[in-house]
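The values are calculated or read from the model by the stated rules, or taken from the named source; none is laboratory data. What you see is a predicted model, and the numbers here were worked out from it, not measured in a lab. Cβ placement follows ideal geometry from the backbone for every residue including glycine, while neighbour counts extend to all protein chains displayed.
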Amino acid sequence: MITDKEIISLMQEEAYKPMSYKELEKHFGIESANEFKDFIKLLNQLEESGHIVRGGNDRYGVPERMNLVRGKLQAHAKGFGFLIPDDRDHPDVYINAHDLNTAMNGDIVFVKVTARSQGGGRLEGEVVRVITRANTQIVGVFQSQETFGFVIADDKRVSRDIFIPQHAFMGAVTGQKVVVKIVNYPEGRSAAEGEVIEILGHKDDPGVDILAIVRKHQLPEAFQENVLAEADAAPDSITEEEIIGQGRRDLRSKRIVTIDGEDAKDLDDAVNVELLENGNLRLGVHIADVSYYVRESTALDIEAYNRGCSVYLTDRVIPMLPHRLSNGICSLNPRVDRLTMSCEMEFDEDLKLVNHEIFTSVIKTSERMTYTNVRKLLTGEAEPEIVEKYAYLMEDFKRMEELAARLRSRRMKRGAIDFDFEESKIIVDAEGKPTDIVKRERSVAEMMIEEFMLAANETVAEHFSWMKVPFLYRVHEDPDAEKLMNFMEFVTNFGYSVKGKGNSVHPRALQALLEEIKGTPEETVLSKIMLRSMKQARYDAQSLGHFGLAAEFYSHFTSPIRRYPDLIIHRVIREVLESGGTLSEKRHEYLSSRMSDIAQQSSERERVAVDAERETEALKKAQYMLDKVGEEFEGIISSVTGFGMFVELDNTVEGLIRLSDLTDDYYNFHERQFALIGERTSKIYRIGDEIKIRVARVNMDEHTIDFELLDMKPRKEGGFNRGGGSSNRGGKPPFKGAAGFKGFRGGSDKGKPEKGKGGFAAKGKGGYAKAQGSGAAGGERKERAGGTSEGKERAGQGKERAEGQGRGAGRAAGGAARRIEAAARGEGGAGQGLGEGSGRAEGGAGRAAGGAGQGKSRRGKAGSTPWSEKRGKGGAGRGKAGGPKLSEGGSLSARLESVGAGRTESGAARGESKRGRGGIALGGEAQAGGGSPAAERSTGGSDWASGVNALAKGGRRRSDDGDGSKKRRR
């Protein structure tokens, strides 16, 4: 029988020319009718899945040989999108809103590349076929227009409203949250058409907000009857016959404990530490044997595969397995027999792993300990009754603490990166309303369990990697060299340096930086930006190493109740153990064919879960701040962009101070330094600064919060001149310069952007920023989380924010592995792709120069055409203007030091003009070098003295630095 691999391999050959089904039939020598029937079915399946393509002449070939790229569409709220190719080495493809051809966000599509930039680095294309629809239903707010209705989607990447004919209302009324089934997809100027299939309730009703998020991400809540029936068939207890018949090792006489949070119910791991006669320590990690109860290809297994993982929302948990299993027979409850999979590791006095065993077992835990009680016992803070109750375990706990500390020290020495982010827990009342936001503690107890789980995960991964059996690994590849170089350059603004160059940087150098900044105001900011410069952690069938943990082998073995990859690993381990250490050739081939699919599915489901968790957290934080409008707080600047700056409060809530609300001056955005600098006062706001704010607005539709600075004085009308222009007093005409703006604030004219020239507009109530190194040209630039910085656009200002941290899902919620792997989850506050700008762009994927309150970008400037040929329309203005006076803004040395003059690379005009290391243009925008898109990089020569000269002259220096372009992650 012909297999799909044989067909695809044939079509991938260099010499292959597209064949019809008859020619393929002849090539493969198909003779019988049944064989022919199966062959045609296989061709259709491959075509439907997008692995092969049938051309207009009914001839078949693979997409890559037919100028087509297969991948997932990532849409933007502005209407355009990007193709994220399946082939990771292929660059992203920009797709204009008019070229989507019915495709919507998340769809798997074929895209035909229609244009390339000079040098071939940037591609533009059009969707030619939708392979798989990701959006069959949409959640949003219903609006009735009597004879018809619309649904405004909660997901802003669905940029058009869904049209609902009157017969499809299903009783919905204006203001209700509804679920809509899409009947016809958008095409051309026509909106998508749908029908209401579920009414969730009014958008302001308690509980509807979280339910809408659950429906939006299509998270399965209830289990089907056949799944529940299988779960109900599981026993409540274990018999001696089971234990003896399976040949399990009996560990019930050992002092084994679980250590979890107070509210945890699914206890899937237990630990013990023993001192051996030879002086070595034996660490035992015992994990609930879930795979014994969830057998392959059963309804339970299929449901667990589809769910991928448990989802932890603010007020509820959507479990991967029914509670009958997760809280019952699979939970390692105290003083009852439970079946487990054990990994015992023996360490000598030098902490060398001298022996290890992985086996099936039965245990009976001695106590159900909590992190709080263990911490109190170890720090001497425990109440007398607690000390007395657990006195027989104190020696074990002290031994655990000592071993964990040594394991962590060894891990740090080898170069593991430990992000110590402060995480928060949102407390809600019975109706789901947030009442408080408290910080999660990462005590010695959490770190102790974390180290033991890491040790077990590494040991299991290495063991089965050497056995060459099909397996699933947790991988974290080396960072992108350019992103890492940009980060290394960025930290110099704070006086730090990282040893290494590009992708040759060892994680030890990054950990050394984290230790150096510990306790400083910029610690949180630099840690988050470092995380953004890394790649996503994911699952893979190959062991590719874990950069963040500096581990050659790593897997997820310790949470089979809530993660499907852990369940699969347990199943493989059991099969290997029961078959004497080997697998049959047939079984080996089958498992190998399944692992890549399981890895991809698990990674995708993890992404969905984290998106839902993050969105829920953003929603509840916005609700919490709703009644705090007008109140004052202290915070730290976590991100600076061309349209404002984000400030994080002590309780981890983050809000935006819009540029239009900075009314005391006009501010220039210095992209390289992540700073806003006042034109007149030279006042500087940059990442890491502590400021006092007032809560100004809360947008519950967008789940966003706006702050304003305290004591912000209004901007004087006609206060100062720029670039030789007039303040328009005394009836003089407004300044009109090469930069393309007129009617400056303070003049009698409101003014409009000068067409065909720069992107600066005086329209609106607020200020503007000229992004140094950031023009409006280009709709092609897009920040992808380098660790996956996916999020939602900030109130139409064009910044994709990574909102907060995803909620900790079970074990090691605040732990190193999870925080390292946060690159996969986009955790850690407002995201910045260094060297990729400060977020998604205004009017396109690149940042539109100007900011809040500067008018709207036009299509063709920062939306439809993504490359530098439109620079003249949307690009940064090139007009000169007067800089700050030497006497303003503090001492010269302080101002130079604060912006890093003479030791950082200045930003310059957007595009691909010459790149050079040089000084920063203080108080104004460095004039763009006019190099061609393919211009070579050059090494500049701006030093401290040139910065002095620039300030003394009160003007702008011309700079050849032009590498403000955002490089997209490949």
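Before moving on, here are some points about what is shown:
- Pairs where the first residue, in segment 559-571, is under 16 Å from H323 (Cβ atoms) and buried (at least 24 other Cβ atoms within 10 Å of the Cβ) and the second is among the β-branched types (V, I, T) and at pLDDT 95 or above, C-beta under 6 Å, 6+ apart: P560/V290; I561/V290
- All told, K181 falls short of being surrounded by fewer than 16 Cβ atoms within 10 Å (Cβ to Cβ), basic (K, R) and in a loop (DSSP other than H, G, I, E, B).
- In the condition set (1) under 30 Å from E552 (Cα atoms); (2) touching a helix residue (DSSP H, G or I) at 6+ places or on another chain (Cβ under 8 Å), L378 is compliant with all but (1).
- Evaluation of I197 against (1) buried (at least 19 other Cβ atoms within 10 Å of the Cβ); (2) part of a strand (DSSP E or B) (one fails), failing number: (1)
- Subset of segment 489-533 (residues that are assigned to a helix (DSSP H, G or I), touching a residue at least 40 places away in the same chain (Cβ under 8 Å) and of a type in the set (S, T, N, Q)): T492, N493, Q511, T524, S527
- Taking the criterion of being surrounded by fewer than 19 Cβ atoms within 10 Å (Cβ to Cβ) and under 30 Å from I329 (Cα atoms), the residues of segment 340-357 that qualify are E346, H356, E357.
- Tally of residues being farther than 15 Å from H323 by Cβ, in contact (Cβ under 8 Å) with a residue 60 or more places away in the chain and of a type outside the set (V, I, T) across segment 225-248: 7
- Selection from segment 651-674 of residues that are in contact with a helix residue (DSSP H, G or I) (Cβ under 6 Å, 6 or more places away or on another chain) and under 23 Å from F494 (Cβ atoms): Q673
- Flag for P235 being surrounded by fewer than 19 Cβ atoms within 10 Å (Cβ to Cβ), outside the structural domain of P334 (by TED's automatic domain parsing) and out of contact with any Ser or Thr (no Cβ under 8 Å at 6 or more places or on another chain): no
- Taking each residue of segment 17-41 that is part of a strand (DSSP E or B) and looking for partners that are surrounded by 14 or more Cβ atoms within 10 Å (Cβ to Cβ) with beta-carbon atoms closer than 6 Å, six or more apart or interchain, yields M19/R59.
- Residues satisfying the stated conditions in segment 251-289, i.e. small (G, A, S) and surrounded by fewer than 22 Cβ atoms within 10 Å (Cβ to Cβ): S253, G261, A264, G279
- Considering V53, V109, the condition of being surrounded by 22 or more Cβ atoms within 10 Å (Cβ to Cβ), at pLDDT below 90 and under 25 Å from N184 (Cα atoms) is satisfied by V53 alone.
- Scanning segment 360-394 for residues that are among the hydroxyl-bearing types (S, T, Y) and either in a helix (DSSP H, G or I) or touching a His at 6+ places or on another chain (Cβ under 8 Å) (or both) yields S361, Y371, T372, T379, Y392.
- Counted as qualifying within segment 673-716 are the strands (runs of 3 or more DSSP E) with 3 or more residues that are closer than 27 Å to K620 by Cβ, namely 690-699, 704-709.
- Of the strands (runs of 3 or more DSSP E) that lie entirely inside segment 70-146, those containing 1 or more residues that are of a type in the set (F, W, Y) and farther than 30 Å from L211 by Cα span 93-95, 108-116.
Conditions tested, residue by residue: (1) out of contact with any strand residue (DSSP E or B) (no Cβ under 7 Å at 6 or more places or on another chain); (2) charged (D, E, K, R); (3) buried (at least 21 other Cβ atoms within 10 Å of the Cβ).
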{"site": "R440", "(1), (2), (3)": "no, yes, no"}
{"site": "V444", "(1), (2), (3)": "yes, no, no"}
{"site": "I449", "(1), (2), (3)": "no, no, yes"}
{"site": "N457", "(1), (2), (3)": "yes, no, yes"}
{"site": "S465", "(1), (2), (3)": "yes, no, no"}
{"site": "D478", "(1), (2), (3)": "yes, yes, no"}
{"site": "Y496", "(1), (2), (3)": "yes, no, no"}
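- Filter result for L351 (in contact with a helix residue (DSSP H, G or I) (Cβ under 9 Å, 6 or more places away or on another chain), assigned by TED's automatic domain parsing to the domain that holds A461 and farther than 23 Å from R563 by Cα): yes
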